[in-house]
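These notes concern the structure reproduced below.
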Amino acid sequence: MNADIRNYSLVTAAYWAFTLTDGALRMLVLLHFHTLGYSPVEIALLFLFYEFFGIVTNLVGGWIGARLGLKVTLFAGLTLQVFALSILAMFDPAWAMWQGVAFVMGAQALSGIAKDLTKMSSKSAVKVLVPEGEHGQLFKWVAILTGSKNALKGLGFFMGGLLLGTLGFAGALLAMAMGLALVLVAVVLSLPRNVGQAKSKVKFTAILSKSRNINYLSAARFFLFGSRDIWFVVGLPLFLAATLGWDHTQVGGYMAAWVIAYGFVQAAAPKLLRRFGETPGAALSRLWILILIAVTVSIALAVQTDVMPGYSVIIGLGVFGFVFAINSAVHSYLVLAYTEAEHVSLNVGFYYMANAGGRLAGTILSGLTYQWGGLVMCLAVSAAFIIAAWLLSLPLPNHESGTTLRQHLRRKRGGGGRV
C-alpha cells in the first residue's frame, strides 16, 4: 500500500504541474493575442483544435494506455506539453494574421493532445492503484485528484498573467517548459513501467466501449459538461463585461475564483456526502442533476424578469458551481466504479472523449446562443442539456445498491456494516 500511495502521489504531482501550465497557457494566449489586436473570433479559433483533438486523443489514448501502460501515455502527455510550450515561444508578431493563427492553432492542438493524455493517464492510474473493493477510498482519491486539478487550473490563470507581466510571452512559455521538463524526468525515473497495462493484447476495435453503463454515463457526461461551457466560455465573460461593466481584471478574477472554488468543492465532495451517509452512485447523481436543472432555470428566470440580474448571475452561478462540482465528482467516481482495472484506460478514454465532445459543442453553442439571445438563451439551452443528461442517467444502476459510503468506510476500519 505504501508503494501505491507513493505512485499515486507521483501521478498527482505530475497532473498538478501540467494543470498549472495548462491554465497559465490559456491566459497567456488570451491576453497576449488580445494585445496584438486579434479579434474575439480569431482568438476563439486559436482554441478550436485544442478542444477538437481532445476527442480523438481520449479515444485512441485509452487503447494505447491499455497496450503499453499508463506510464507511456503520461510520459507522452508531459513531453508534448513541453514541446508545445517551447515551439509557441517562437511565435513572431511580425507574421501575417493567417500565419499566426495557423501556427498557434497547431501548437494548441499539441497542447490539447497533451492535456487529455495526461488527464486520462492520471485518472486511470487511480483505479489501478486503489485496492479492489475499496469504493470509499476510490471516491475519495479521485475526488481529490479532480478537485485539486480544477483549483490549480484557476491558480494557473493568475500565474499566466503574472508570468506574462514579468517574463514576457516567450520567457513565460520557456520557464514553464523547463519546470515541466523536470517533472517529466522525475515521473520517468520513478513510476513502475507497467502501471495500467492490460495483461492481454487489446484490439483497436475495443476503443469503442461495449459496456452499457459506460456508454450511458459517457452520453450523460457529454450533455453535462456541454451545459457548463454553453454559458461559461463566451456568455458569462461578455455579460460581466458588457452588461455589468466589469473590466478585464474583474472578469478574469471572478472566473478564476469560480474555478478554484469549484475545485475545492470537488475535492471535498466525499466528506460532504459522507456527512449525510449518501451513496456515491447513479441515484445520487440523478438527484444532484435535478438540483442543477432547478438552479439553472432559476437564474435564467431572474435575468429574464430583471430581478437583480447582476446579483442573480454572480450568486446563482456560484451555487451552480457548487452543485455542478458535486455532480462532476460523483461522475468521475462512477466511470471508475463501472470498469475493471485491466480495461480502465479504455473506458476512461472513451468517457473523456464524450467530455471533450461536450466541451466542444458547448464552446460553439456559447457564442451562437449569446449572439441570438444573450445570457438568458445560454442558460435556457444549458438547462436543456442538463435535462438530457438526467434522462441519460436513468438507466444507470448504483454500483453497490443499498450500501452507503458511511458503510464502506466503517468496513474499511473493521467496524462491520453489511455490504
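The values are calculated or read from the model by the stated rules, or taken from the named source; none is laboratory data. Fair warning: this is a prediction, and the values are worked out from it, not measured in the lab. Glycine also receives a Cβ, built like all others from the backbone with ideal geometry; neighbour counts cover every protein chain displayed.
When the residues of the stretch 139-170 are filtered to those that are of a type in the set (A, V, I, L, M) and within 18 Å of the chain's Cα centre (by Cα), the one that is farthest from Tyr338 (Cα to Cα) is Leu155. Note on the stretch 196-252: among residues that are modelled with pLDDT of 75 or more and among the hydroxyl-bearing types (Ser, Thr, Tyr), the one that is farthest from the chain's Cα centre (by Cα) is Thr243.
Screening Pro395 with (1) modelled with pLDDT of 90 or more; (2) part of a helix (DSSP H, G or I); (3) over 21 Å from Val142 (Cα atoms); (4) not hydrophobic (A, V, I, L, M, F, W, C) gives one miss only, at (2).
Taking first residues from the stretch 140-159 that are closer than 9 Å to Ala329 by Cα and partners that are among the aromatic types (Phe, Trp, Tyr) and surrounded by fewer than 22 Cβ atoms within 10 Å (Cβ to Cβ), the Cβ contacts under 8 Å between residues at least 6 apart in sequence or on separate chains come to Gly147/Phe264. Please specify each residue of the stretch 1-19 satisfying the condition of being in a helix (DSSP H, G or I), aliphatic (A, V, I, L, M) and either at pLDDT below 80 or surrounded by 21 or more Cβ atoms within 10 Å (Cβ to Cβ) (or both). Matches in the stretch 1-19: Ala3, Ile5, Leu10, Val11, Ala14, Ala17. Of Leu145, Leu163, Leu152, Leu117, all but one fail to be modelled with pLDDT of 80 or more and within 18 Å of Tyr352 (Cα to Cα); the exception is Leu117. For Val330, the requirement of being under 27 Å from Ser148 (Cβ atoms), β-branched (Val, Ile, Thr) and out of contact with any Ser or Thr (no Cβ under 7 Å at 6 or more places or on another chain) is not met. Pairing each residue of the stretch 225-238 that is part of a helix (DSSP H, G or I) with any residue that is of a type in the set (D, E, K, R), provided the two are 6+ apart or on different chains, yields C-beta distances under 8 Å for Phe225/Arg359; Gly226/Arg359; Asp229/Arg359. For Leu284, the test of being within 23 Å of the chain's Cα centre (by Cα) and assigned to a helix (DSSP H, G or I) is passed.
Restricting the stretch 352-380 to residues that are small (Gly, Ala, Ser) and more than 10 Å from Arg221 (Cα to Cα), the residue that is modelled with the lowest pLDDT is Gly367. All conditions but one from (1) at pLDDT 85 or above; (2) in a helix (DSSP H, G or I); (3) hydrophobic (A, V, I, L, M, F, W, C) apply to Leu273; the one that does not is (1).
Yes/no matrix, rows are residues, columns are (1) surrounded by 23 or more Cβ atoms within 10 Å (Cβ to Cβ); (2) of a type in the set (Ser, Thr, Tyr); (3) part of a helix (DSSP H, G or I); (4) modelled with pLDDT under 80:
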| position | (1), (2), (3), (4) |
| --- | --- |
| Met90 | no, no, no, no |
| Gln99 | no, no, yes, no |
| Val126 | yes, no, yes, yes |
| Phe139 | yes, no, yes, yes |
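Out of the residues in the stretch 346-363 that are among the hydrophobic types (A, V, I, L, M, F, W, C) and within 13 Å of Ile55 (Cβ to Cβ), which is surrounded by the fewest Cβ atoms within 10 Å (Cβ to Cβ)? Residue satisfying both the conditions and the ranking: Ala361.
When Leu290 is tested against (1) at pLDDT 80 or above; (2) more than 18 Å from Ala354 (Cα to Cα); (3) buried (at least 16 other Cβ atoms within 10 Å of the Cβ), exactly one condition is not met: (3). Contact map, the stretch 52-66: first residue at pLDDT below 65, second residue buried (at least 24 other Cβ atoms within 10 Å of the Cβ) and of a type in the set (Phe, Trp, Tyr), Cβ cut-off under 8 Å, separation 6 or more or different chains; pairs are Gly62/Phe350.
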